[in-house]
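As structure tokens, the structure follows; a few thoughts come after it.
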Amino acid sequence: MVQSAVQSLRSALEGLLGLALPAAIVLAALLLALLLIGLLDRARFQAGLNGLAAHGAALGRWALAGLALGAGLLALDVARRAVDIRLGTQQNARYANAADPDGGQTVQSAPRVTLLQDTTYTRSLSLPPEVFARISVQGGLEPLLPYFGSPDSAGIRDFRENFVRRGNTLVYTREVTLQTEQPVNVDTTRITTDLKFVDPAGGRGTYYNAVFNADYTFANPLKTVATLRFDFPLPSGSGTLSNFRLTVGGQEFRAGDLTDGSQWEGEVAAGATVKVNVTYRNQGARSWSYALGSRREAIRAFDLSVNADRPAKFGRYTLFPTFQARTPLGEVRSLRWQLQDVISAQDVSVIFAGGNRRETLGKVGHAAPVAVLLAALLALAWATTRRLRLPPLPLAAALLGLSLGLVLGGVLTAYLPIWLAEILGVMAGVALGILALGRPFALPLILAGVVPLAFLSGGHAGLLLTLLAALILTLLLRPGLERWGRKRAAF
């Protein structure tokens, strides 16, 4: 990050040097104007010089305060650019010094239940006598078999073919026994998914640890014993699955015990109900979805609960939850979909906003200079409304201290979770500012310092900043209102 900061500082200094020529031209014009004033009205020019000399020391101190403000804003701009470069480098790097989440946007599809049956198909073909005579002359029937073709081998349980002579007619017979699959509806579905989000140190991408637990029931629709197959598709975009278990009728199976890791097949008694439980753990990021099916299917009883510790949104044209549990700030924490006797091809798609750490840190970095400028204005307004003395040099030290603390917050994001790093930076900056200005100015420094933290709230920055502005306005107007009330009471 040091190299990134040096590059950003160089870019900022080059930008300032680019302004040197226009500034020199403006300064030369001002000096020329002063010389002209001195030539035209020497008395007033001399009086102005005497006044400038008398107040030169005070103006110089306030100029130092302005330079300190500019230096703080420059340092914050350099820190923001350095943090952005570091995050961009991490995202595009081929190697990493910390583990990345092994999953992305997880999509879990609904299982498929089928009834397996053996069906035999018979086909016969009678050949005319002249064909039979020609084959007999050529010496056998076997050369004719390849011309009848071979069926697709998928699902074939038995295959037989032969030639039978009936008088002067030759009859070719083929019998194929196929295993057919008849879809069986899932009677009940009850799913619970817990998503716990993790903010890794260094500002790396946020991800969640998911725990999936599902219970399914289905029944044999026949009045005889039948073979049923339960095919549970593994989730896409989930990375590595751990602790995968599939329990059928109380018997637990691991991935190595099943066909393709997630397919169960067995005999079920007539009309019997089969209970299946599926559990696994995985990592994911940005969204979690459950695909009910690619075609319109009848859903008898469906109950899906998603519990997350981040605010959630929902994909367009997907099923909206029937129940939502919210926090006092309106953030969704628990979602539930309960469907009874419906026909739908829509899916469930939950999207989690605020996962782009680079964008969040960019907002915090852009708000930091505003916080320092606001601190300077609030200190001046606070001193005016409460009739406090505000020396320019301590003000300069306070602005530099607040800027240094906010820069420290950006640096700490490389080692700590973002929210903790930024809070520590604000606390350090406010403490340095109070140390320079004193406790009477603690409240304006705190109010200005928390401005960048509003962008860590996950979509509530506008509300928090509005409330903060109302609080600042109330605090600034309160002394004047109190004095006006006392004067009115005196009369």
| field | Ala396 vs. criteria touching a helix residue (DSSP H, G or I) at 6+ places or on another chain (Cβ under 8 Å), in a helix (DSSP H, G or I) and at pLDDT 90 or above | value | yes
| Are any of the residues in segment 416-439 more than 27 Å from Lys363 (Cα to Cα), of a type in the set (Asp, Glu) and in the same structural domain as Arg80 (by TED's automatic domain parsing)? | no
| Tell me, which strands (runs of 3 or more DSSP E) lie completely within segment 221-273 with 3 or more residues that are crowded, with 17+ Cβ neighbours inside 10 Å? | 226-231, 242-248
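Of Ala454, Ala414, Ala469, Ala421, which residue is touching a Ser or Thr at 6+ places or on another chain (Cβ under 6 Å) and either polar (S, T, N, Q) or farther than 17 Å from Leu400 by Cβ (or both)?
Ala421
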| message | Residues that are at pLDDT 90 or above, within 30 Å of Gln90 (Cα to Cα) and out of contact with any Gly (no Cβ under 6 Å at 6 or more places or on another chain): does segment 210-221 have at least one? | response | yes
| request: Check Thr206, Thr279 and return the single one that is touching a helix residue (DSSP H, G or I) at 6+ places or on another chain (Cβ under 7 Å), surrounded by 15 or more Cβ atoms within 10 Å (Cβ to Cβ) and not assigned by TED's automatic domain parsing to the domain that holds Leu412. | output: Thr206
| request: Determine whether Leu304 is within 27 Å of Leu339 (Cβ to Cβ), of a type in the set (A, V, I, L, M) and assigned to a loop (DSSP other than H, G, I, E, B). | output: no
| query | Are any of the residues in segment 332-349 under 22 Å from Asp102 (Cα atoms) and either among the β-branched types (Val, Ile, Thr) or at pLDDT 90 or above (or both)? | reply | yes
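Here's the yes/no breakdown for (1) of a type outside the set (A, V, I, L, M); (2) closer than 21 Å to Asp303 by Cα; (3) touching a residue at least 60 places away in the same chain (Cβ under 8 Å):
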position: Asp158; (1), (2), (3): yes, no, no
position: Val164; (1), (2), (3): no, no, no
position: Thr177; (1), (2), (3): yes, no, no
position: Glu181; (1), (2), (3): yes, no, yes
position: Asp187; (1), (2), (3): yes, yes, yes
position: Lys196; (1), (2), (3): yes, yes, yes
position: Thr227; (1), (2), (3): yes, no, yes
| Restricting the search to segment 74-123, which residues are at pLDDT 85 or above and either over 49 Å from the mean Cα position of the chain (by Cα) or in a loop (DSSP other than H, G, I, E, B) (or both)? | Gln105, Ala110, Pro111
| said: Quick test of your reading of the structure: Phe323 fulfils all but one of (1) at pLDDT below 85; (2) in contact with a Leu (Cβ under 9 Å, 6 or more places away or on another chain). Name the failing condition by number. | reply: (1)
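The values are calculated or read from the model by the stated rules, or taken from the named source; none is laboratory data. Bear in mind that the values here come from a model prediction, so they are computed numbers and not experimental data. Here the Cβ is made from the backbone with ideal geometry for all residues, glycine too, and neighbour counts use every protein chain on show.
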